[in-house]
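First comes the structure, then the notes that go with it.
The values are calculated or read from the model by the stated rules, or taken from the named source; none is laboratory data. Predicted model, so just to flag it, every value in this text is computed and none were measured. Cβ: placed from backbone, ideal geometry, glycine included. Neighbour counts: every protein chain shown.
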Amino acid sequence: MKKYFAFCLFFLLVLCIQALEQNVHDEFLDLCDEESLNLLEGNLSYKYHLTKAKILLEQIEVEIQKEKKESNIDAVNRLLSQKHITESQIELLQAAIDAAEKGKTESVFFRYIIFGFLGVFFITLFSLLGYTLILKYQLKDSQKLQESFLQILEKASFIQEEVAVESETGDIEVESTLDLKFFKNELAKLKKKRLDDVEFMDLKNLSIQCEMIGRRVDKATGRKNNAKNVADLVFKLSHELACSSYEALLYYCASLVFDVGFLHINQKVFTKAEINEEEKKEIRSHVDRGKEELVFIPEKYRAVFEVAVSLHHENNDGSGYPNGLTKKDIPLLARMIRVAETYIALVTRRNYRGIFDRDAAFLELKKESAKYDKDVLSALYRIL
C-alpha cells in the first residue's frame, strides 16, 4: 500500500512539474510576444520613416537636376544640404532597424536558454524527491518483513527444552555416512543467529537459484510446482515450530532442492505406474547423489542443504533410508520435509493414484504416524 502511495505521489509530482513548465513556458511566450510586438512596432515605425526619407531623397535629386538646368545656384546648394541631411537620416534609420532585429533574436534565444535550464532543474529535483520517497518505503517494507521473522523467537524455549531432553536420553551409536554430531552442532548455531540485512539478501539471492533448480527437478519428475509447494509448507512449519527467522528462510531454500538427486535418475522411471526392485534402488540413490549438485551452495550453508538432500526419507521409527535413523538422530529440517513432502504428494495427482483432499490426506498420515514426528504433524494440522 505504501509503495502504491509513493508511486501515486511521484505521479502527481510529475503532473505538477508539467503544469509548472507549461505555465512558465506560456509566460515566456507572453513576454517574448510582448517584446516582439514592441520591437515590431518600432521596426515598422523605423521602416516607415526610412521609406519616407528615401522618397524625399529621390524628390531632392529630381529638384537638384531641375535647378541645375535653370542655373539656380542658391537653390542647388540648399537642396544639396537637404540631401546630405536626408542621407544621414536614412543611415541612422537603417542602423536602428538592424539593431532592433538583432536585439529581438538575442532576447528570445536567451529566454529559451533560461527556460530550458529551469525545466531540467525542476525535473531533476522532483525526480530525486520521488525516488527518495519510494526508496524510503521499500526500506520500511524490508524492515517489517524481517520483524515478522523475528516474532517467532518468543517460542524458542520449547525447542531448547526438546533438545535438552533428547541429549539426556543416552548415546546411541548409529552407522551413517554422515557426521550427525557435526550437523547437530551446525543446526544448533542457527538458533543463536539473527537475520541481518546482508544475510537476508544473501538468502534471498540463494532462494532464486534454488527455485530455478527446483523447477528443473519438477520438470524431470513430472511433478508440477512440487519443490515450491514443499518449500512453502516447510517455511510455514518452521514458523509454527518456533524456528528462528534465519532458520526459517534457510530451511525454505534447502527445501527447494531436497530432491535434486533426481536429476541423476533416468526420467523414464517417473512415468511408470509400477516399478521393479532395481528401479526402486535407483530412485533411492537420489538421496546420495543429490550432494553432487550442491556445489553452488556457500560453505556456511552446506551442512543444512546436505541434511535436506540426504535425510528427508528417514523415518522416526527407523524404517527410512539411507541410514535407518530414528527421531533423536534426524534433524528437524529432515523431519519437516518428510511430513511436507508426503502431504503434498497426497494432495496432488500422481501417475500411480488419484488426489486426496485435506482430511483424507491427514487420515493417511495418521495411519503411518510412527514414521513421522508427532510435533510436526500437529503443526501441519494447525496451519492447514
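When both residues are 6+ apart or on different chains and their Cβ atoms are under 6 Å apart, which pairs have a first residue that lies in the stretch 48-65 and is assigned to a helix (DSSP H, G or I), and a second that is charged (D, E, K, R)?
Cβ pairs passing all conditions: 60/83.
May I ask you to list the residues in the stretch 351-384 that are touching a residue at least 12 places away in the same chain (Cβ under 8 Å), outside any helix (DSSP H, G or I) and either surrounded by fewer than 12 Cβ atoms within 10 Å (Cβ to Cβ) or basic (Lys, Arg) (or both)?
351, 352 - these are the residues of the stretch 351-384 that are touching a residue at least 12 places away in the same chain (Cβ under 8 Å), outside any helix (DSSP H, G or I) and either surrounded by fewer than 12 Cβ atoms within 10 Å (Cβ to Cβ) or basic (Lys, Arg) (or both).
Note down all Cβ pairs under 9 Å where the first residue falls in the stretch 274-289 and is in a loop (DSSP other than H, G, I, E, B), the second is among the hydrophobic types (A, V, I, L, M, F, W, C) and modelled with pLDDT of 90 or more, and they're at least six residues apart or on different chains.
What qualifies is 275/283; 285/265.
Looking only at the stretch 256-294, how many residues end up being small (Gly, Ala, Ser) and at pLDDT below 90? Walk me through it before giving the result.
Taking the stretch 256-294 first, the residues small (Gly, Ala, Ser) are 261, 273, 285, 290.
If we keep only those that are at pLDDT below 90 too, we end up with 273.
Residues that pass the stated criteria total 1.
More than 21 Å from residue 212 (Cβ to Cβ) and in contact (Cβ under 8 Å) with a residue 60 or more places away in the chain: is that true of residue 331 in this structure?
On the way: more than 21 Å from residue 212 (Cβ to Cβ): yes; in contact (Cβ under 8 Å) with a residue 60 or more places away in the chain: yes.
So residue 331 fits the description; yes.
Filter the stretch 66-81 for residues that are surrounded by fewer than 16 Cβ atoms within 10 Å (Cβ to Cβ), within 23 Å of residue 50 (Cβ to Cβ) and at pLDDT 75 or above and give the result. First the steps, then the outcome.
Taking the stretch 66-81 as the starting set, the residues that turn out to be surrounded by fewer than 16 Cβ atoms within 10 Å (Cβ to Cβ) are 66, 68-75, 77-78, 80-81.
Remaining after also requiring within 23 Å of residue 50 (Cβ to Cβ): 80-81.
80, the sole residue that qualifies.
Any residue that is within 35 Å of the chain's Cα centre (by Cα) and either surrounded by fewer than 20 Cβ atoms within 10 Å (Cβ to Cβ) or assigned by TED's automatic domain parsing to the domain that holds residue 208 (or both) - is there at least one of those in the stretch 312-329?
Yes - at least one qualifying residue is present in the stretch 312-329.
Filter the stretch 354-384 for residues that are within 21 Å of residue 243 (Cβ to Cβ) and basic (Lys, Arg) and give the result.
374, 382, listed by residue number.
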